Amino acid sequence: MLLNLMILEPIRKIYFFFLDIIQTLLLVFAVFIIIYIFLFRPFQVNGDSMYPNFFHKEYVLTNIIVLRFKQPRYGDVVIFRAPPDLEKDYIKRVIGVPGDTISLNDGRVYLNGKLLNQDKYLNSSVPTRAGLFLQDGKTITVPENSYFVMGDNRAESSDSRDWGFVPVKSIIGEAFFVYWPLNKIGIIKNPYAK
């Protein structure tokens, strides 16, 4: 009898040890799923459309709950399902909100008739090329429940200049934190926020 207890006791301890590990892993997995579905989602920058502020293969966290409480603002960096291919997610900067007029003249962007000050995130000498949708010398108005977005790399970005407005329902969230590579870790700030 004593021998049986001596053999069973270690087995019982091992059983409860593994049971605790499984319960802990299930709890961690459940918390991860809740965070991923309702709060934050990772996103990998692919390509150079947001250069020089974001780089190819950089990873950012996207806040997917913040847009339930506020609308995107000028300068916000948003992740959205790409209008030309809804299977892909794009990262771009909000340039125009509903009701804004946007025009492009000689490589310069005008917002509501005034030259858009982009000095906080772009060198002022960087020209903005025209696209199929926003052509040089033309003025467009951002419709309700839509946004006009551009990549920071104005020469290489496929954005609203080419394919038009981004419906609010296509916006996944707001990029708020770079977490990889380690030398780029930091909070993504809206250059117009006060």
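The values are calculated or read from the model by the stated rules, or taken from the named source; none is laboratory data. What you see is a predicted model; the values in this text were computed from it and never measured. Here the Cβ is made from the backbone with ideal geometry for all residues, glycine too, and neighbour counts use every protein chain on show. Just so you know, the surface numbers come from the protein's heavy atoms only, side chains and all, with ligands and any DNA or RNA stripped out. Shrake-Rupley method; radii C 1.70, N 1.55, O 1.52, S 1.80 Å.
In µm²/s, what is D for region 74-194 at 4 °C and 1.567 mPa s, where D = kT/(6 pi eta Rh) by Stokes-Einstein and Rh is the Kirkwood radius from Cα pairs? Diffusion coefficient, whole number: 87 µm²/s.
Solvent-accessible surface of region 89-160, taken per residue with a 1.4 Å probe and all protein chains present: 48 Å². Once the C-beta distance of residue 87 and residue 24 is scaled by a Förster radius of 45 Å, the resulting FRET efficiency is 0.80 to the nearest 0.05. Packing around the peptides 124-133, 90-99, 31-40, taken as the average count of other Cβ atoms within 10 Å per residue, puts them in this order, highest first: 90-99, 124-133, 31-40.
Averaged over its residues, region 15-82 has an accessible area of 65 Å² per residue, based on protein heavy atoms and a 1.4 Å probe.
Ratio to report: Rg/Rh of region 1-133, with Cα atoms as the point set and Rh obtained by the Kirkwood method; give two decimals. Rounded to two decimals, Rg/Rh equals 1.33. Largest mean-square fluctuation among 151, 75, 113, in a Gaussian network model of the chain whose springs join Cα atoms under 10 Å apart, belongs to 113. Normalised by the number of residues in the chain, the mean separation of alpha-carbon contacts (under 8 Å, six or more apart) gives a relative contact order of 24 percent. Note on the chain: with a GNM built from Cα contacts shorter than 10 Å, the maximum mean-square fluctuation among 111, 182, 122 falls on 182. Please give the calculated 222 nm ellipticity per residue for the chain, where each DSSP H segment of at least 4 residues contributes -39500 (n - 2.57) and the sum is spread over every residue; nearest 500 deg cm²/dmol? Here the helix-only value at 222 nm equals -7500 deg cm²/dmol. Taking the Cα of residue 180, stepping 7 Å toward and past its beta carbon, and measuring to each backbone N in region 42-82: which are under 13 Å? Under cut-off, by backbone N: 42-46, 57-61. Taking 22 Å as R0, compute the FRET efficiency from the Cβ-Cβ separation of residue 121 and residue 169 and round it to 0.05. About 0.25, to the nearest 0.05.
The 3J(HN,Hα) values that the Karplus relation (6.51, -1.76, 1.60; θ = phi - 60°) gives for region 68-80 are, in residue order, 7, 10, 8, 8, x, 10, 3, x, 4, 9, 10, 10, 8 Hz. Gly and Pro appear as x. Here the accessible area is traced with a 1.4 Å probe on the protein chains. For the chain, carbon and sulfur cover 62 percent of it.
For the chain, modelled as a GNM whose springs connect Cα atoms under 10 angstrom apart, the maximal fluctuation among 156, 174, 87 occurs at 87. Annotation: for a label point projected 7 angstrom from Cα along Cα→Cβ of residue 55, residues of region 163-194 with backbone N closer than 12 Å are 180-185.
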